1. Using only alpha carbon pairs under 8 Å that are at least six residues apart, calculate the relative contact order of the chain and give it in whole percent.
2. Beyond 29 Å, what share of the Cα-Cα pairs of the chain remains, rounded to the nearest whole percent?
3. Mind checking the full-extension length gain between ALA244 and GLN67? Use 0.36 nm per residue of separation minus the Cα-Cα distance, one decimal, nm.
4. With each pseudo-label sitting 7 Å past Cα toward Cβ, what's the ASP93-ALA33 distance in nm, one decimal?
5. Leaving out ligands, DNA and RNA, and with a 1.4 Å probe, what % of the accessible surface on the chain is carbon or sulfur?
6. Can you compute the charge dipole magnitude of the range 1-267 about its Cα centre, using +1 on each Lys and Arg Cβ and -1 on each Asp and Glu Cβ, nothing else charged? Give it in debye, rounded to the nearest 20.
7. With every protein chain left in place, what is the accessible area per residue of the range 1-267 in square angstrom, probe 1.4 Å?
8. Toward the positive end of the charge dipole of the chain, about the Cα centre and with charges on Cβ (Lys, Arg +1; Asp, Glu -1), which of VAL243, MET125, CYS181 goes farthest?
Amino acid sequence: MRAHSQQVVRSAARIVVKVGSSSISGENSGQIAPLVDALAEAHARGTEVVLVSSGAIAIGMPYLQLQERPTDLATQQAAASVGQNLLIFRYQDSLDRYDIVAGQVLLTASDLDNATHRGNAQRAMERLMALRILPIVNENDTVATHEIRFGDNDRLAALVATLIGADLLVLLSDVDSLYTCPPDLPGAERISHVASGDPLVGMEFGATAVNGVGTGGASTKVTAARIAAQAGTAVLVTATGLVAEALRGDPVGTWFEPSPAPSALRIS
């Protein structure tokens, strides 16, 4: 990360952080506390912070005695209904250490595709941040259908960042940065900086991966980063375990330079 990038992070007035299911559920549930520590540190210096968090289905699965992520929509909705309550409770329980209150915001793709609903969502989050509440956003899996889903919360995070005019979007994953090809393959090289409009020719990010608890992968992060960067939001892609360093402006992850000529919000 260049010195300019570090300054953008440290001076950002509004930051959106996205974390995936695999980073905060199951054996990784202990990562919620250090994630909250990092968010609270940014919040304490006056930054407005929004968290986009997956995990409702993954957290709800054990309570439905499911060993694998369900494939049918009705069971996904049931798991999300149980898990969303527990997800917010776990975040609030950790945020209590800093006297920070969380506000739950559940969205569907149709909410951001409809001007009235989009305006309502924007006003709600603006008001929450003005009140120093930390909005926690997730897709409303309980009512979403296959036809109107965001597809992954990386894209949701990019659209939320664009909606509220965030200065920075931090996409967290299980990998420290993006690489020229899957990092377990020979010859993989770390990508530290992506210039505005760089098509990343020759890079091999692969198709969206679906693991036991969530969806996502490097390709979805690249797509999401481009959505946000095109709209004028800087983007940093790094590992969940490096979130504190990322929010301090330390040289970690892959930095996407924002467009110097931002485009208007586009949902489709």
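The values are calculated or read from the model by the stated rules, or taken from the named source; none is laboratory data. None of these values were measured; they are calculated from a predicted model. Quick reminder, even Gly has a Cβ in these numbers, built from the backbone with ideal geometry, and neighbours come from all protein chains shown. For accessibility, only protein heavy atoms count, side chains too; no ligands or nucleic acids. Shrake-Rupley method; radii C 1.70, N 1.55, O 1.52, S 1.80 Å.
1. Values: 544 pairs, mean separation 67.3, N = 268.
Reported relative contact order: 25 percent.
2. 26
3. Values: separation 177, 0.36 × 177 = 63.72 nm, distance 3.18 nm.
Full extension of this stretch gives 60.5 nm more.
4. 1.1
5. Numbers: 5970 of 11680 Å².
Summing carbon and sulfur atoms, their accessible area is 51 percent of the total for the chain.
6. Values: 19 positive and 27 negative charges, 139 e Å.
The dipole magnitude comes to about 660 debye.
7. Working: 11550 Å² over 267 residues.
That works out to 43 Å² for each residue.
8. MET125
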